[in-house]
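Throughout, read-outs are computed from the coordinates displayed, never taken from laboratory work. Note that this is a predicted model, so its numbers are computed, not measured. Methodologically, a virtual Cβ is constructed for each residue, glycine included, from the backbone with ideal geometry; neighbour enumeration extends over all protein chains shown.
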Amino acid sequence: MVFIQKNFSLLNYNTFGINVNALEFFEYSELENLNELFKNNVFDSIFFVLGGGSNILFKDNFNGLIIHPQNKGIEIIEETSKNVLLKIAAGEEWDNVVEYAVNKGFYGIENLSFIPGNAGAAPIQNIGAYGVEIKEIIKYVDYFNIENGKIEQLSNSNCKFGYRDSIFKNELKNKIIVTNIYIHLSKIENYHIDYGNIKDELKNTKIINLKAVREAVINIRRNKLPDPAIIGNAGSFFKNPIVSKQLLKEIQSDFEDVPSFYVDLCSVKIPAGWLIEKCGFKGLKIGNAGVHDKQALVLVNYGKANANEIIELANEIISKIQNKFGIKLEPEVNII
């Protein structure tokens, strides 16, 4: 039987710590529960799938149904002497997946350690960190199609992955619920540690292995990013902008130290945190909202901030950076 809770508080279900309610709330651990929702025509009304709540900002009470996946499981589907294919339930905490892979000696996602949220959100957002993106290791994504009530599957090439983007945020938005993901990992020793911060963190490490890389990434994130249990936040609030090489040259004429990373022959990526810091926002506190003093890319809730306070701060940052650098920042956080 489907048990839907009414006027449910989402305070503990979003890492920003915004005190809002959902008109209805449904938590499931079995895929059969989605079939029950379908048979009861629940998907005809407004709904939103809420995973770990680590990449979302609720503007107000949600006047619809929140669906909270809690299906768990990590399973080896295929294995050879060189590779392994894992099937992961959408409700599994992402960092548990990374820990599992590292302990098993599977290479490929150690750089994605300590990213909050659930596995089901990983392909939607195309999560990435320290030179690695989930699109590089995703093989398939299973999803529940709310239009026909069936479990369907997409291969990597059909997911239309982009920078913090995918088909699930566009054509399939509000049409599907991710149920499982399949990731392809290597059993052959291979690391991605050329990213500056990781190299620095590992410089005194005598033996480089998966656990050492994972520990280095966790240390970096702990030192730079605030703990949501202490200070409400959703991690990186903005995407790192991709700009033309010509615009980079123009910026370099005034700021020789601007960091940049090549995307292709014509484009580069500039860290949004650097732009925010150059505009004087790092550590700034306005009312209950602010910019973190160690990582300017993170907007924080210092007390009982509401979404409007955070959005006003974000808009001010966007406006000043556009005026100063000719770059328009885009939120990475999903604003509902």
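Put a dot 7 Å past each Cα toward the Cβ at Asn40 and Asp165; how far apart are the dots in nm?
3.7
From the P(r) of region 1-112, can you give the percent of Cα pairs sitting at distances over 22 Å? It would help to have the intermediate numbers written out before the result.
On the way: 2825 of 6216 pairs.
Roughly 45 percent, once rounded to a whole number.
Quick check on packing: order 146-156, 118-128, 286-296 by the mean number of other C-beta atoms within 10 Å, highest mean leading. Intermediate results must be reported in sequence, preceding the final value.
On the way: 146-156: 13.3, 118-128: 25.3, 286-296: 18.9.
Top to bottom by mean Cβ count within 10 Å: 118-128, 286-296, 146-156.
Specify the inter-centroid distance of region 95-119 and region 217-264, based on alpha-carbon positions, in whole Å.
Each part's Cα centre sits 23 Å from the other's.
Under 5 Å between amide hydrogens, which residues at least 5 positions from Ile115 or on another chain qualify, with H placed 1.01 Å from N in the peptide plane?
none
Whose amide H sits under 5 Å from the amide H of Asn334, counting only residues 5 or more places off or on another chain, with H placed in the peptide plane?
Ile56, Leu57
Only Cα pairs within less than 10 Å get springs; with that Gaussian network setup on the chain, which residue of Cys279, Cys159, Cys266 has the largest fluctuation?
Comparing Cys279, Cys159, Cys266 in the GNM, the peak value goes to Cys266.
How would you rank 51-61, 26-36, highest first, on the average number of other Cβ atoms within 10 Å across their residues?
Details: 51-61: 20.5, 26-36: 16.1.
Ranking the peptides 51-61, 26-36 by packing returns 51-61, 26-36.
In whole Hz and in residue order, list the ³J(HN,Hα) couplings for region 16-25 that follow from phi through the Karplus curve 6.51 cos²θ - 1.76 cosθ + 1.60, θ = phi - 60°; x for Gly and Pro.
Each residue's phi maps through the Karplus curve to give 6, x, 7, 8, 10, 10, 9, 4, 9, 9 Hz.
Quick one: what are the phi-derived ³J(HN,Hα) couplings along region 253-268, Karplus 6.51/-1.76/1.60 with θ = phi - 60°, whole Hz, x for glycine and proline?
Karplus-based 3J(HN,Hα) across region 253-268 equals 5, 9, 10, 5, 8, 4, x, 7, 9, 5, 9, 7, 5, 10, 10, 9 Hz.
Please give the contour-minus-distance gain from Glu152 to Ile4: 0.36 nm per residue of separation, less the Cα-Cα distance, rounded to one decimal in nm.
The span from Glu152 to Ile4 would gain 50.8 nm if fully extended.
Calculate the translational D of region 232-335 in whole µm² s⁻¹ from Stokes-Einstein, where the hydrodynamic radius comes from the Kirkwood formula applied to all Cα pairs, the temperature is 37 °C and the viscosity 0.692 mPa s.
Working: Rh = 14.0 Å.
So the translational diffusion coefficient is about 234 µm²/s.
Amide H of Tyr302 versus every other amide H placed in the peptide plane: which residues, excluding those fewer than 5 positions away on the same chain, fall under 5 Å?
Answer set, sorted by chain and number: Ala289, Gly290.
Given Cα pairs under 8 Å that are at least 6 residues apart, what percent is the relative contact order of the chain?
Worked out over the chain, it gives 16 percent.
Sorted by packing (mean other beta-carbon atoms within 10 Å per residue), highest first, where do 181-188, 249-256 land?
181-188, 249-256
Using alpha-carbon positions, what is the distance between the centroids of region 1-27 and region 312-336, in Å?
Cα centres, region 1-27 to region 312-336: 29 Å.
May I ask for log10 I(q)/I(0) of region 74-186 at q = 0.10, 0.12, 0.16, 0.21 Å⁻¹, from a Debye sum over the Cα atoms as equal point scatterers with solvent left out?
-0.26, -0.38, -0.67, -1.15
Give the order of Ser166, Ser236, Ser45 when sorted by the count of other beta carbons within 10 angstrom, beginning with the fewest.
The most exposed by this proxy come first: Ser45, Ser236, Ser166.
Beyond 15 Å, how much of the Cα-Cα pair distribution for region 115-174 remains, as a whole percent?
Details: 849 of 1770 pairs.
Considering region 115-174, 48 percent of its Cα-Cα pairs are separated by more than 15 Å.
For the chain, state the semi-axes of the equivalent ellipsoid (square roots of 5 times the eigenvalues of the alpha-carbon gyration tensor), sorted largest first and rounded to whole angstrom. Please report the intermediate quantities before stating the final value.
Working: eigenvalues 201, 149, 69 Å².
In descending order the semi-axes read 32, 27, 19 Å.
In nm, what is the difference between 0.36 nm times the number of residues separating Ile188 and Asp254 and their Cα-Cα distance?
Working it through step by step, the gained length comes to 19.2 nm.
May I ask you to list the GluC sites (Glu not before Pro) in region 183-226 that are in a DSSP loop and have at most 12 other Cβ atoms within 10 Å of their Cβ?
Passing sites in region 183-226 are Glu189.
Just for the chain, what percent of DSSP beta bridges are antiparallel, to the closest 5?
Details: 48 of 59 bridges.
For the chain, the DSSP antiparallel bridge percentage is about 80.
For region 5-69, what is the largest minus smallest coordinate of the Cα atoms on each principal axis, given in angstrom and ordered from greatest to least?
33, 20, 17
Can you give the charge dipole size of the chain about its Cα centre, rounded to the nearest 20 debye, using +1 on the beta carbon of Lys and Arg and -1 on the beta carbon of Asp and Glu?
600
Could you go through region 64-74 in sequence order and give the Karplus-derived ³J(HN,Hα) for each residue, using 6.51 cos²θ - 1.76 cosθ + 1.60 with θ = phi - 60°, rounded to whole Hz, and x for Gly and Pro?
x, 9, 8, 9, 10, x, 10, 6, 10, x, 10
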